[in-house]
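The values are calculated or read from the model by the stated rules, or taken from the named source; none is laboratory data. All of these numbers come straight from a predicted model, not from anything done at the bench. Cβ placement follows ideal geometry from the backbone for every residue including glycine, while neighbour counts extend to all protein chains displayed.
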Amino acid sequence: MMAFIYHSKCQSASSRHATMLSILLLLSVAAISSCLGHNDIGENNNYHAKPAEEIIRCIESERKALLAIQSDMYDPGNWLSSWNNDDCCKWRGVTCDNTTGGHVTTLDLRYPYSTDYYDIIGASKVNPSLLELKHLKYLDLSMNNFDGAHIPKMIALLVHLEYLNLSYASFSGLIPPQLGNLSSLRRLDLGRDYDLRADDLDWLSRIPSLEYLDMSGVNLSQATSWLFQINSIPTLQVLLLSYTQLPPVSSPVPPFNLISLSMLDLSFYQHFTDSLLRLFSNGSRSLEYLDLSSNGLTGDFASARSLEYLDLSGNQIVGEIPPTVRNLVHLEYLDLSNNNITGQLPQTMGNLQNLGYLFLDNNFIIGEIPETMGRLFNLRVLDISNNHLRGQMPRTLGGLCKLINLDLSDNNVDGELTYLFDGLLSNCPQGAKISYLNLEANHLSGMIPASMGHLSQLEEVYLSSNSLLGDITESHFSNLTNLEYLNISHNFLNVILPNDWCPPFNASSIDMSFCHIVGKFPDWIRTQMNLKELYLSRVGLSGNLPPWFSEYVEATSLEVLVLSSNHFNGCQELVSLDLSENKFSGEIPTWVGISLSSLKVLCLRSNRFQGVIPINLASLTSLQVLDISSNNLFGSIPSSIGNFSSLIKIQNGTLEFYDVIYSIFRFHPRPTPLGTFYKESILVTAKGYYSTRLSLVTSIDLSNNNLSGEIPKELRKLRGLLFLNLSKNHLNGEITETVGDMKQLESLDLSVNNLIGVIPLSLSALDFLSYLNLSHNNLSGRIPTGPHLSTLNVDPSIYVGNKDLCGIPLPPCPGDAASPVQPDTRDEYEEEKNSEKLEELVEFAAVALGFVVGFWSYIGVIIVKQSTRIALFRLIDRSCDWIYVLLAVKSSKLKSKWQMMT
C-alpha cells in the first residue's frame, strides 16, 4: 500500500532519518486519506468533485463572505487572484455543490508556498464572515500564520464539517472543546501548532465518525485520561500524537478498542511502557504504520504481522534482534538505530523480501553481515554504521540493484571492494542506482577498482580511514558526472591525475589528505567552481602554489582549505598574510613559521583553528603584528613568543615599522613615509576597539581562545610592543612584575582569565599606557597608584570581577583611614589636561616667534647686501644645471638599456 522515496544530500544519519520519516508520514497519510475519500493536498477530492454537466451558480451572500475572508488573508503572491469574477464557484480553493442548492461546501485556503517562504509569512485572520458558509464540509486553513490567535469557537458552528485542517497555522491557547459539536467530522488535523494545548480530550468522544486525528506538537500534559478518551473512538484509523508531552497512563490499561487503527505515531512519549507496546502492536490486526521512536523503550519488540512501517529508533532497547523478526513479512521500513542492541544480525532478516529501508546504525551489533542480506532485492537504504561488525562484505550485496544508500562506516569490516563494485555493474542490467556510499573507518584493503567510475549515479563517496592501496587514475571517475562529495583520505593511495584532466563532476567537497598526489599541485582543482571544502593535508606536495590559485580561491565559495604538512615554498617575499573571518580549521600549519620568513603581519583571527600555538612562529623575525584571536587554540603560550626580534628593537625612541602596503603593491611610486597613517583591511585590536590605522604598530592579540597556563616571563623582552591582548582565555598564575619592562606598551588587556595575586607596581612605570583592562580575574590586594595610573583609575570597570581587589577606584582597603577625603581624580585629570594645553600654547608661540625673527633676519640680509644676493642666485643656477645634467645622463642610460632589451 505504501510507497517510499529517498533522497540524500550529505545529511547526517539523524537528519536523513527525520527527512525520510516526514516524507513517509506524508505519503502514508495521503494513501490512507485516499482510502477514506479525502485528500488535503490536491483539489481533486470528494468535496471538490462535481458533475461536469451541472451548472452551479454562486450565491451572492456567500460570494461577499468569501471576499471578506480574502481581505484578511496574507496573500503577497496573489494565489487568490482568481477571486475577482462573479462566479465564486470557479474560484481557486472553492467548490460548490448543487445538492445543497449551490452552496459553498469546500474552502481550501492552505498556504501554497514552500516552507522556506512560510518562515517569513505575514499574519492572517479568521474573518467572522466564515459563518456565512453554513454548508461547509471541507475547511483547510493550514500553513498560514494566524500569529498566535486562539482557534475561533465559531468554527464549531459549522456543523456539516467533515474535514478540518488547522495544522502549521500558528494558533495558540486552549483548543475549544466546542469542536466536539462537529459530530460529522471524519478528519481533524491540529498538528504542529506548538502553542496549542488541551487539558482534556473528553470532547473527542462526541465525534463518533472520526477517522483521522493529528495533534502532534500540541501540549497534552494535563490530559491524564487521554488513552481512555481516545480509546472510545472505534472508527479511528490514524492517530498522530508525537511531541505531545502526554502524561503516564494509569493502571489498569483499558481493553484495546481501536480495532480499525492502521497508523499510530506516539514518538517522543517519555512514559511509554512495554505494556502499551503490546497493547497497540497486538490489539489491531490492521496496524500498518507504527512510530514509537525516542520513547525510552528497553525491551520487547513490536510483533504485529500487518506492519509495513516500524520505527523504534532512539530508545534503549537491549539484547539481540529476535529471530521472530522474520514474521514481519510485510515490513517495508525498519528503523532500530540508536539503541543498545547487541548480538549478531539474524539470518532470518533475509526473509523480509519487501524491506526497502533498514536502519541499524549506532548499536553494538557484532559478527558478520549475513549472506542472506543479499536476498533483500527491494532494499534501497542499508545503514549499519557505527557498530562492531567484522569479516568481509558479503558478495551478495553486489546484487542489490535498487540500493541507493549503503553505509557500513565505523565498523571492522575487511576485504576488498571488487565484489561490490563489479557485482553492482554485472548484476544490474538497467544500471546500479547507488548514489551514497560510505565505507569509511573500516579495515578494507586492496585496490579501489576502476569499475567505480561506471557507477554513474554516485553522488557521495566516503572511503577514508581504511587500508586501501594502489593508484587512483582518471578512469576511477570516468562517468561520475553527479559526484559532489569525495573522501579517500587516510589510505595508501597514489593519486595520478594528469594536469590537463577535466573532471566530469563539479564537487562540493574533496578530501585526499594522507594520500600521495603524484606531481605538482593539481591544476584540475581550478575546474571545481562549486568547491566549498578542499583537504590536501600531508599529500607530498612541494614547490610553489600555482599562480592561478589565489584568484581561484577568491572566485569560488571555498569555505575550508587545508594544505597543512606539505612542502610548499615560494612565499619568502610575502609580507602580509590576512586570512581572518573565514572557516579555516585544523592546526596552524608549521610551515607558516618556516617558509614565510619576510612576514610582518599575520592575521588568522575569527577562524576555527585548533591545537597549540606553533613554537616556530618565533622564527618570523620580521613579524610586527600577530593576531590569532577568536579561534579554538589551547595549551600554553610558548615562551618562544619572546623571541620576536622585530618587537624587541627600539630605535631613537621610535619603532621600526615598514610600509606594508608598499611591500605588497609594488606599483606605488614610492613608499609611504614613516610617521604617516594608512588604512588597510588588517584590524588591530587596541585600546578596547578595533583599529584600521597602522603606523608604527606592533601588536600581539591571542584573545578569545582556550589558552591556559601562566603568562610567559619572556614577554618582557618585547620592549617594542605597543598592544597586547590576552583576554578571554583560561590563563592562570600571577601577572609578572617584569611587565613593566615593556616600556612602549600603550594597551594591555588581560581580562576574563583566571589570574591571581596582586597587580604589579611596575604597571605604574608604563608611561605610554592609555588602555588597561584587568577585569574578571581573581586578583587581590591594593590597586597600585602612581602619577600615570591615576589617569586610568577613574574607570572602575577595568577592575570589576576581582572581588578581593580594593583601593581607588574601587572601595577602600581594610585599614585605610576613613577621614581623609580622596581628591577627585577626574578633576585632577582635567586640571592636568588644561595645564598641558597651556604649556603647548606657550611652546607654539615661542616657536612661531623664533621662526618669524630668523626668517626676516635672513631675508633682510639678502635685500640689503647685494653681494650676498648675487652669490645665492648663482648657487641656485648651478644647482639647477647640475640636476639637469644628471637627469639627462640617467635618461640616456635607460634608453640604451631599453633598446638592448627590445
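A few notes on this one:
- From the options 149, 68, 156, 123, residue that is under 32 Å from the mean Cα position of the chain (by Cα) and aliphatic (A, V, I, L, M): 123
- Across the range 138-146, not a single residue is classified as over 16 Å from residue 80 (Cβ atoms) and surrounded by fewer than 19 Cβ atoms within 10 Å (Cβ to Cβ).
- Flag if residue 751 is in the same structural domain as residue 809 (by TED's automatic domain parsing), under 19 Å from residue 794 (Cα atoms) and either outside any loop (DSSP other than H, G, I, E, B) or out of contact with any strand residue (DSSP E or B) (no Cβ under 9 Å at 6 or more places or on another chain) (or both): no
- Test for residue 140: is it touching a residue at least 24 places away in the same chain (Cβ under 8 Å) and more than 33 Å from the chain's Cα centre (by Cα): yes
- Residues of the range 498-519 classified as surrounded by fewer than 19 Cβ atoms within 10 Å (Cβ to Cβ) and either more than 31 Å from the chain's Cα centre (by Cα) or more than 17 Å from residue 475 (Cα to Cα) (or both), total: 8
- Search result, residues across the range 783-816 that are surrounded by fewer than 17 Cβ atoms within 10 Å (Cβ to Cβ) and in a strand (DSSP E or B): 804
- Search result, residues across the range 106-115 that are farther than 13 Å from residue 91 by Cα and buried (at least 23 other Cβ atoms within 10 Å of the Cβ): 111
- Candidate set from the range 563-593 (those that are modelled with pLDDT under 85 and aliphatic (A, V, I, L, M)); member that is surrounded by the most Cβ atoms within 10 Å (Cβ to Cβ): 592
- Test: residue 758 is of a type outside the set (D, E, K, R) and either surrounded by fewer than 17 Cβ atoms within 10 Å (Cβ to Cβ) or not assigned by TED's automatic domain parsing to the domain that holds residue 699 (or both): yes
- Within the range 189-211, the set of residues being crowded, with 18+ Cβ neighbours inside 10 Å and under 14 Å from residue 232 (Cα atoms) comprises 201, 203, 204, 207, 210, 211.
- Of all residues in the range 730-743, those that are over 17 Å from residue 636 (Cβ atoms) have Cβ atoms under 6 Å from Cβ atoms of residues that are in a helix (DSSP H, G or I) and of a type in the set (A, V, I, L, M, F, W, C), 6 or more apart or on another chain, in 740/765.
- Restricted to the range 117-183, the set of strands (runs of 3 or more DSSP E) holding at least 2 residues that are farther than 30 Å from residue 101 by Cα comprises 172-174.
- Annotation: residue 123 fulfils all but one of (1) surrounded by 15 or more Cβ atoms within 10 Å (Cβ to Cβ); (2) farther than 20 Å from residue 185 by Cβ; (3) aliphatic (A, V, I, L, M); the unmet one is (1).
- Meets criteria (part of a loop (DSSP other than H, G, I, E, B) and either closer than 20 Å to residue 56 by Cβ or acidic (Asp, Glu) (or both)) for residue 82: yes
- Any chance residue 560 is on the phi < 0 side of the Ramachandran plot and over 22 Å from the mean Cα position of the chain (by Cα): no
- Restricting attention to the range 242-278, the residues that are in contact with a helix residue (DSSP H, G or I) (Cβ under 7 Å, 6 or more places away or on another chain) and part of a helix (DSSP H, G or I) total 0.
- Cβ separations smaller than 7 Å between residues 6+ apart or across chains give the following pairs from the range 525-552 residues that are β-branched (Val, Ile, Thr) to residues that are in a loop (DSSP other than H, G, I, E, B): 527/502; 527/503; 539/512; 539/513; 539/515; 539/566.
The rows are residues; the columns are (1) among the hydrophobic types (A, V, I, L, M, F, W, C); (2) outside any strand (DSSP E or B); (3) touching a residue at least 40 places away in the same chain (Cβ under 8 Å).
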position: 280; (1), (2), (3): yes, yes, no
position: 290; (1), (2), (3): yes, no, no
position: 295; (1), (2), (3): no, yes, no
position: 303; (1), (2), (3): no, yes, no
position: 307; (1), (2), (3): yes, yes, no
position: 310; (1), (2), (3): yes, no, no
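- Test result for residue 440, more than 15 Å from residue 515 (Cβ to Cβ), surrounded by 18 or more Cβ atoms within 10 Å (Cβ to Cβ) and within 28 Å of the chain's Cα centre (by Cα): no
- Residue match in the range 687-697 (condition: assigned to a loop (DSSP other than H, G, I, E, B), buried (at least 17 other Cβ atoms within 10 Å of the Cβ) and modelled with pLDDT of 85 or more): no
- Conditions (1) closer than 29 Å to residue 268 by Cα; (2) touching a strand residue (DSSP E or B) at 6+ places or on another chain (Cβ under 6 Å); (3) crowded, with 22+ Cβ neighbours inside 10 Å; number of the one not met by residue 393: (1)
- Only listed residue being surrounded by 23 or more Cβ atoms within 10 Å (Cβ to Cβ) and of a type in the set (A, V, I, L, M), chosen from 157, 236, 174: 236
- Tally, over the range 754-775, of residues that are within 21 Å of residue 698 (Cβ to Cβ) and not in a helix (DSSP H, G or I): 8
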